[in-house]
Amino acid sequence: MKTTYFLLIFLLFGSLQTAFATDPHEEGHDTKESPVDAMLHHIADGNEFHIFGEYSIPLPCIAWSSDGGFMFALSSTFEHGHKAYNGYTLHHGKLMRVNNANFPQGLVEISAGHAVKAHGTAEGHDHQTVSPDGVHTPVVDELKDEKQHGAAVSYNGTVYNLEDGKALQNPGTSWIDFSITKNVFTMILALIILVILFSKVSKAYTTRGVAAPKGVQSLMEPLLIFMRDEVVRPSLGKDWQKFFPYIMCLFFFILIVNLLGLVPFFPGSANVSGNVGFTLVMAVSVFLVVNLSGNKDYWLHVLWMPGVPIGVKPLMTVIEVVGLFMKPITLMIRLFANITAGHIIILSLVSLIFFFNEAGGVPAGVAGMGLAVPFVFALNMLELFVAFLQAFVFSLLASLYISSAIEEHHHDHEVEPM
Amino acid sequence: MLGIGAGLAVIGAGLGIGMIGSKAMEGIARQPSAAGDIRSSMIVAAALIEGAALFAIVVDLLKLFIK
């Protein structure tokens with residue numbers, strides 16, 4: 001009972017931490033950010049662990065470009081975008097590069113932020129917004145400008161555009177990002193946790209045999225037994241041992257990463273499984289395992305469905321081939337959307353405090369906090385459940401897809417799991 | 001428009017999950033011994049429906065973030 005209370009208090013503090021961690025950051029030198037931007041910032045990947053205000057835990061930044069070679073720096077070098085090193089700087093916690101030969105190498109002071117950029121825009125470009133009475137309106141201008149022309153920094157009065165690293169959505173940029181970002185850090189941390197946890201558990205099983213579980217072994221045994229008896233064995237049948245390790249890898253990796261994403265402060269706080277790149281890789285691995293282990297029957301059913309009239313067969317082929325790709329895509333989007341939606345809902349409830357504060361001053365803000373903290377607490381509980389549920393659903397569907405690829409058909413046609 | 005889209009997605013997901021819940025309750029009432037199996041299949045089906053609704057939410061988010 002005492003432990004339960006302790007846990008509850010700890011979780012309550014956890015949700016309080018979320019509230020503080022979402023404080024509108026960079027207050028010192030930035031204008032007010034809209035809640036949507038703040039939310040985006042918190043669910044996006046970044047090159048530093050932001051704590052509050054000016055304080056953040058730096059992470060190593062590694063970048064490569066064809067003209068500049070490698071660049072190694074800690075993200076604290078950039079001082080939140082006040083300094084540039086070899087043309088690289090941080091823009092809202094994200095590493096970006098100035099791709100311009102005139103930009104100085106080494107560590108230089110730059111001016112970032114909206115005000116300076118709007119100023120630079122007024123000097124250098126032709127798309128400034130001037131209100132009818134001749135007063136420059138930087139807020140509108142800067143938001144519009146950033147949406148249209150991307151981020152920029154200013155050095156010695158000249159505006160330089162910033163470039164993202166090469167990625168699927170922007171293949172044309174000049175540099176490749178190898179940084180240990182928040183997400184990469186959290187994945188490495190999850191791997192370390194898993195290795196420590198499972199080497200302990202496996203050692204316990206080899207030394208203690210079938211004796212009653214002890215210590216961390218008794219934490220893991222219910223999960224292991226549950227996954228074996230409820231997920232892998234019923235769906236995969238007699239071949240279950242071949243795929244058991246893979247399904248367990250999926251389950252525990254996604255679970256640990258989900259749970260770390262719910263921790264609102266330093267070792268967690270990265271939204272890894274809410275990153276579509278991460279879930280894409282998971283889904284591609286499922287796609288490969290399913291299709292590489294598919295037997296003759298599976299491919300026959302995909303390419304030339306037996307038991308249907310000959311006129312329907314080509315139609316079934318099209319549907320089945322589309323289904324081949326849709327299955328991993330649904331896996332990818334389900335995990336990504338569930339986790340991202342959870343994070344956004346928690347963040348919007350936290351934003352309530354700031355809405356209230358804006359509407360009615362500090363007393364209303366305090367009232368908003370009284371409203372938001374219990375809600376955030378409840379939603380954290382729900383997300384704890386969702387973290388388990390999504391890891392479970394992902395591994396369950398992966399094993400169902402694998403079972404549809406390896407099962408022996410006797411020409412009795414059952415419904416394929418979708 | 002985004003609000004309408006999100007609302008429609010929630011209506012769909014709510015209907016779907018409500019139906020699963022009611023049928024699962026009926027099933028458990030008729031066959032209490034199968035409660036465990038019914039519950040786990042119910043959760044899986046609910047997660048699948050939620051996934052479908054979240055596709056709509058993702059489209060909404062894309063509209064929101066990519067202007």
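Below are the figures for this structure:
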read-out: Reciprocal mean inverse distance between Cα atoms of the stretch A:232-367 - Kirkwood radius, Å; value: 18.5 Å
read-out: Solvent-accessible area of A:SER218 with every protein chain in place, 1.4 Å probe, in Å² to the nearest 10; value: 50 Å²
read-out: A:TRP304 accessible area, assembled protein chains, probe 1.4 Å, Å²; value: 110 Å²
read-out: Ratio of Rg to Rh over the stretch A:230-271 (Cα coordinates, Kirkwood Rh, two decimals); value: 1.23
read-out: Within the stretch A:170-228, trypsin sites (Lys or Arg not before Pro) in DSSP loop having at most 10 other beta-carbon neighbours inside 10 Å; value: A:LYS214
read-out: Around A:LEU189: net Lys/Arg minus Asp/Glu count, Cβ-Cβ under 15 Å; value: 0
read-out: List of the stretch A:318-339 residues, accessible area with partners at least 50 Å² below that of the chain alone (1.4 Å probe); value: A:ARG334
read-out: Per residue value of the accessible surface for the stretch A:188-320 (all protein chains in place, 1.4 Å probe), Å²; value: 52 Å²
read-out: Rg ratio (alpha-carbon, reference 2.2 N^0.38 Å) - the stretch A:217-305; value: 1.36
read-out: Flagged links, alpha-carbon separation over 25 Å, of A:LYS94/A:LYS327; A:LYS94/A:LYS166; A:LYS166/B:LYS63; A:LYS242/A:LYS296; A:LYS83/B:LYS63; value: A:LYS94/A:LYS327; A:LYS83/B:LYS63
read-out: Debye intensity ratio in log₁₀ form over the Cα atoms of the stretch B:3-65, taken at each q of 0.15, 0.19, 0.28 Å⁻¹; value: -0.52, -0.69, -1.07
read-out: Total accessible surface hidden between B and A, rounded to 100 Å², 1.4 Å probe; value: 1400 Å²
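The values are calculated or read from the model by the stated rules, or taken from the named source; none is laboratory data. Remember, it's a predicted structure, so these values are computed and weren't measured experimentally. Ideal geometry is used to build each Cβ from the backbone, glycine not excepted, and the neighbour counts take in all protein chains shown. Ligands, DNA and RNA are stripped out before the accessible areas are found, and what is left, the full protein with its side chains, is counted by its heavy atoms. Shrake-Rupley method; radii C 1.70, N 1.55, O 1.52, S 1.80 Å.
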